[in-house]
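Just so it is clear, none of the values below were taken in a lab; they were calculated from the coordinates. Everything numeric here is computed off the predicted structure, so don't read it as measured data. Methodologically, a virtual Cβ is constructed for each residue, glycine included, from the backbone with ideal geometry; neighbour enumeration extends over all protein chains shown.
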Amino acid sequence: MIRRLLSCLAAGALLMSAGAAVAQERCDADPVEWGGPALANGISVYAMEWSPFGSSEWGWETYLPLIQKELGTDCAPGSPRFARALAEFQYGKGLPATGWFDAATFQVFRGVWQERRPFIMSRVRQEPCPDPPPLYQLGYLVESEEHADRLTRLLRRDVLDAYRELVAAARAEVPEIAANPELLQIFSGFRDPEADAARCAQSGNCDGLRRATCSAHRTGTAVDLYVGHIVGLGVDNTSPASRQHMSKTATYRWLVKNAGRFGFTPYAFEPWHWEWISPTGGYVGPPPPE
């Protein structure tokens, strides 16, 4: 029995090794043409000094899952195939198709991601801040859906249904999420605009990054999900180290790849913040009165 088990494990390891080798070979395609950009990207992903959201950061690994999703590749940034996919993206957006990651290319990525957040685009167009939904359109979370660090009570009912479908799928597909009931709990859902404005003014953090004066949370369609955190830092700590840690978790990477199936789109600066726009890709306002 033990000998058979060891034999099976060895065979499985060989298959995994063979699969990894095939994947590596695929990602290393076109080494002559894209070798230079691949080398540069492999260095800059950890070492580039820049300020994508106003404060200094080192490297762009935090944004790698979103970038890979956009490029349609799981190849590492130091691979020729990643450089080629990046060049194709750059060409499609009217940028020099160098295959080198730089701040200008990231700003285009950021613009693409922001345009998928209709609430934010309405703010860009300087439309009035929307009123919150009436209370009868809000549903209550159950205790197991709320994260203890910051309890929230309400979410729009249709968004709550979509959230529950997302969580069920994540737990079925990712053993790490299934094993930890805290993962994907909500620590901020609907926020009353008056109470939110009071906290914003009292804390002095109405800078559009940490807390906006007109927040998507007022619509009942935005959720802050627990994806993991560095011990000693908050679940929504915005330091570069904190956000990079979150971006490496299996929970966040699953969300990047799959949240769109349930109508959720991300905010690139905050790995925990997701906004519901419906599976069809458009913003859905409050449902009509029942």
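Summary of computed values
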| quantity | calculated |
| --- | --- |
| Size of the stretch 64-170 as Cα extents on the principal axes (Å, biggest first) | 52, 36, 23 |
| Karplus-derived HN-Hα couplings along the stretch 233-239 (A = 6.51, B = -1.76, C = 1.60, θ = phi - 60°), whole Hz, x at Gly and Pro | 10, x, 5, 10, 5, 9, 5 |
| By average C-beta atoms within 10 angstrom, highest first, the peptides 241-252, 49-60 | 241-252, 49-60 |
| Whole-Hz couplings from phi, Karplus 6.51/-1.76/1.60, listed for the stretch 35-47; x for Gly and Pro | x, x, x, 4, 4, 5, 5, x, 8, 5, 4, 10, 10 |
| For ILE277, ILE67, order by how many other beta-carbon atoms lie within 10 Å, fewest first | ILE277, ILE67 |
| Cut-off 15 Å between beta-carbons: net charge of the residues surrounding VAL124, Lys and Arg +1, Asp and Glu -1 | +2 |
| Cα gyration tensor of the stretch 118-276 - equivalent ellipsoid semi-axes, whole Å, descending | 24, 19, 15 |
| Signed unit charges on C-beta, dipole axis of the stretch 43-185, positive-most listed residue GLN114, VAL142, VAL45 | GLN114 |
| Cβ-based net charge around GLU61, under 14 Å, with every Lys or Arg adding one and every Asp or Glu removing one | +1 |
| Cut-off under 5 Å, modelled amide H: who pairs with PHE264 long-range | ILE277 |
